[in-house]
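A short write-up of the structure that comes next.
The values are calculated or read from the model by the stated rules, or taken from the named source; none is laboratory data. Bear in mind the structure is a predicted one, so any value in this text is a computation, not a measurement. Counting neighbours? That spans all protein chains shown, and the Cβs are built from the backbone with ideal geometry, glycine included. The protein model used for the area step is the full one, side chains on, heavy atoms only, and it has no ligands, DNA or RNA in it. Shrake-Rupley method; radii C 1.70, N 1.55, O 1.52, S 1.80 Å.
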Amino acid sequence: MLREGPMIDAHRVTLASEDDFEGWREAARDLAEAGVPPQAVVWRVEGETEDLFAAAAPQPKGASFAVPRSFIDLAKGVVCHSDPERFALLYAMLWKLRSNRNGMEDRADPLVDRLERMAKEVRRDEHKMHAFVRFRELDGRFVAFFEPEHHIVRHAAGFFVPRFSNMHWSILTPVLSIHCSRERLKFG
């Protein structure tokens, strides 16, 4: 299945979902290579209201650049955070890494500190989901309810598949549900 990339309209980036790491990464790379500074980008998720004051379209791509693996690992977690600024904060960090590949090592940097705290909060929320979800049987299907603080449901779903492979189960949350039958996941 081909994955559609994020839509970039002017400097507005519309991501497919609240936890769209791949979409964010693709758009962020293109914008950074085009030299678009963080303050010129508006990040949104499909279905959110438009920002009428977004800037002009990105310039043609420039040279690519490498980022430390630690940033990619951090970004995968931070994207799942519920803070509406998470995409912009990550892009600001990526922008810093363009000129200072060691920027993630500066523990005195308030941006690094904030991103680390956000990733830790996401890990804690995911741990709570793994540890405290309890299934109840309902008409031959096992059902659980969980109310996450962050957008972790898709990310955390894989934990349950091998553990409950012999069950038909669902985990319901206020925003997203997971359904599994014979190790096949479906989100609703």
Verdict on residue 151 being in contact with a strand residue (DSSP E or B) (Cβ under 9 Å, 6 or more places away or on another chain) and open to solvent by 30 Å² or more (accessible area, probe 1.4 Å): no
Members of segment 61-101 found to be part of a loop (DSSP other than H, G, I, E, B) and touching a residue at least 60 places away in the same chain (Cβ under 8 Å), listed by number: 79, 80, 81, 82
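Could you tell me whether any residue of segment 50-65 is open to solvent by 50 Å² or more (accessible area, probe 1.4 Å), at pLDDT below 90 and touching a strand residue (DSSP E or B) at 6+ places or on another chain (Cβ under 6 Å)?
yes
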Close pairs (9 angstrom Cβ cut-off, 6 or more residues apart or separate chains): farther than 10 Å from residue 146 by Cα and assigned to a strand (DSSP E or B) in segment 166-180, open to solvent by less than 10 Å² (accessible area, probe 1.4 Å) and not hydrophobic (A, V, I, L, M, F, W, C) anywhere: 178/170; 179/170; 180/170
Residue 123 being over 18 Å from residue 26 (Cα atoms), surrounded by fewer than 16 Cβ atoms within 10 Å (Cβ to Cβ) and in contact (Cβ under 8 Å) with a residue 12 or more places away in the chain: yes
Which numbered condition residue 186 fails, given (1) open to solvent by less than 90 Å² (accessible area, probe 1.4 Å); (2) under 26 Å from residue 22 (Cβ atoms); (3) assigned to a strand (DSSP E or B): (1)
Failed criterion for residue 108 (all others in (1) surrounded by 12 or more Cβ atoms within 10 Å (Cβ to Cβ); (2) at pLDDT below 95; (3) over 22 Å from the mean Cα position of the chain (by Cα) hold): (1)
Residue, farthest from the chain's Cα centre (by Cα), within segment 134-152, restricted to residues that are modelled with pLDDT of 95 or more and aliphatic (A, V, I, L, M): 143
